[in-house]
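Asker: One structure, pasted below without further comment.
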Amino acid sequence: MEQYIIKGGKALAGEVSIGGAKNAALGILAAAVMTDETVTIENLPDVRDINVLLQTIEEIGARVERSDRHTVKITGGTIHSVVVDNDLIRKIRGSYYLLGALLGKYKNAQVTFPGGCNIGSRPIDLHIKGFEALGASVKIQHGMIQAEAEKLTGAHIYLDMASVGATINIMMAAALAEGQTIIENAAKEPHVVDVANFLNSMGAEIKGAGTDVIRIKGVMKLHASTYSIIPDQIEAGTFMVAAAATKGDVTIRNVIPKHLEAITAKLAEIGVEVEEYDDAVRVVANKRLGHTQIKTLPYPGFPTDMQPQLTTLLAICDGTSIVTESMFENRFKYVDELARMGTSIKVEGNTAIVDGVKELTGARVSAPDLRAGAALVIAGLVAEGYTVVEQVEFIERGYECFEQKMREIGASMEKIDAEDARAVQKFKLKIG
Ligand code: UD1
């Protein structure tokens, strides 16, 4: 087990570069097996969820060659099984994309029920309804989702909620169905567009990704492609918030500023200066920041995956902020951990009432999930004294070299072995 140890109180400054989007990569890697030819994926983030998916793709027979840390070649022609199940894949959410990918290609897929962060009930009924509309029969047995079809036929599908996962999954299966599929009330997130662009680069015919209505004309087969994944909007947003919270001055490179607009707008509203360049943003905070109201919404609204980080920032701003979580009902668990550091946040249902405090003090806290873990690190960077964040394996699901990147912009932060009784002491001696 590993932990982060942080000595807070330093303003972050300098430049940090953002990696490829984890949630786009999960869809793209699954889609890559839909052709028998070799696909090259670039700008792949080297994070735990991605590595688990790659390992699983290899287990079902695909050839997976990592040419370097951020580039992988996948050949789906050698796949010998449509059964996806192992101890690691059960814990990640993106496993569900293999359902759409394998169903589309082989008209048969058996995939373990998806795991992922425990942020609330995460049904997959819309994915299933979509597959059924395309003509598949779907059963859930012994923890596995089994989807099969004689053939898939294009259909008109209306999603009750603009689900990212359901949109991508249906898009993948429909890419190799007969005839036209129309997905209405589709999710518009940048990673939906990225997966659609990738499928199109393999010969799919998908139009309208990024709008409410996606039209997919099924094709017979897909072919080889080389594709570079978009930058991770949430990793970028996390560094933006860390810069603002520590009263820093950080330039965040390799981003698409348009994807960050909802985050940029909220930061600007509370008094942070955000300068946008072609592929970078500079975040400067040099005064006490103010309060605001936030409601998480599907893209282009404020992303739920940035809610814990922004709430943490608001906890040390002037005044009272209101944060409403409208996507997942269990996404305020980190608030109890933050309280150990001196925050004043009251959660009522899906709303957090955040009374800004003047300062935080370091404490031992535990990451309850991926994004909440990143939020606790931000709190540690701000707090006076030392903070230990336990359960960093959650954070490593989605952030590559998090402590190293934080150090590059001036943070005093290290990853230590929880079993090493002297590790905390050694860090304190080193940092002073
Ligand atoms: C994805 C992201 C996650 C992000 C979320 C919202 C991945 C691997 N994960 O999760 O990081 O927080 O989008 O941006 O990409 N819903 C249903 N039925 C379904 C599917 C979803 O009711 O079949 C509901 C969910 O409970 C939730 C909402 O729709 O309230 C959005 O969920 P969805 O967009 O599907 O999220 P995930 O794909 O699980």
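Asker: Counting DSSP beta bridges in the stretch 22-228, what percent are antiparallel, to the nearest 5? List each step's numbers first, then the result.
Answerer: Working: 26 of 37 bridges.
Restricted to the stretch 22-228, the bridges split so that about 70 percent are antiparallel.
Asker: Please get the size of the charge dipole for the chain, origin at its Cα centre, with Cβ charges of +1 on Lys and Arg and -1 on Asp and Glu, quoted in debye to the nearest 20.
Answerer: Details: 45 positive and 55 negative charges, 65 e Å.
Computed charge dipole of the chain: roughly 320 debye.
Asker: Classify the stretch 22-228: rounded, prolate or oblate, from the alpha-carbon gyration tensor (a ≥ b ≥ c, eigenvalue square roots; a/c under 1.5 rounded; otherwise prolate if a/b is larger than b/c)? Display every interim value, and only then the final one.
Answerer: Details: a/c = 1.31, a/b = 1.16, b/c = 1.13.
Taking the square roots of the gyration eigenvalues as a ≥ b ≥ c, the stretch 22-228 is rounded.
Asker: If you place +1 on the Cβ of every Lys and Arg, -1 on the Cβ of every Asp and Glu, and leave all else neutral, what size is the dipole of the stretch 1-127 about its Cα centre, to the nearest 20 Debye? Walk me through the numbers before you get to the answer.
Answerer: Numbers: 14 positive and 14 negative charges, 71 e Å.
Here the stretch 1-127 has a charge dipole of around 340 debye.
Asker: Now for a separate question. Quick one: ranking Arg48, Arg122 by accessible area, 1.4 Å probe, largest first, what do you get?
Answerer: Numbers: Arg48 105, Arg122 65 Å².
Ranking Arg48, Arg122 by accessible area, largest first, yields Arg48, Arg122.
Asker: Quick check on the chain: what does the Kirkwood estimate of hydrodynamic radius come out to from the alpha carbon pairs, in Å?
Answerer: Working: mean 1/r = 0.0453 Å⁻¹.
Here the Kirkwood hydrodynamic radius works out to 22.1 Å.
Asker: I would also like to ask the following. For every helix of n ≥ 4 consecutive DSSP H residues, a contribution of -39,500 (n - 2.57) applies; sum these over the chain, divide by its total residues, and give [θ] at 222 nm rounded to the nearest 500 deg cm²/dmol.
Answerer: The helix-only estimate for the chain comes to -9000 deg cm²/dmol at 222 nm.
Asker: Considering Cα pairs under 8 angstrom that are at least six residues apart, work out the relative contact order of the stretch 124-256 and quote it in whole percent. Spell out each step's value before the answer.
Answerer: Details: 229 pairs, mean separation 24.6, N = 133.
Computed value for the stretch 124-256: 18 percent relative contact order.
Asker: Please give the solvent-accessible surface of Ser121 in Å², to the nearest 10, using a probe radius of 1.4 Å with every protein chain present.
Answerer: Answer for Ser121: close to 70 Å² accessible.
Asker: Just to verify a number: what accessible area does Glu403 come out at with the full protein assembly present, 1.4 Å probe, Å² rounded to tens?
Answerer: About 30 Å², rounded to the nearest 10.
Asker: Compare Tyr227, Tyr277, Tyr299 in a GNM of the chain, Cα atoms joined below 10 Å, and give the one with the largest fluctuation.
Answerer: So, out of Tyr227, Tyr277, Tyr299, the one fluctuating most is Tyr277.
The values are calculated or read from the model by the stated rules, or taken from the named source; none is laboratory data. Since we're looking at a predicted model, the values are computed, not measured. Because the Cβ atoms are built from the backbone with ideal geometry, glycine has one as well, and the counts that use them run over all protein chains shown. The protein model used for the area step is the full one, side chains on, heavy atoms only, and it has no ligands, DNA or RNA in it. Shrake-Rupley method; radii C 1.70, N 1.55, O 1.52, S 1.80 Å.
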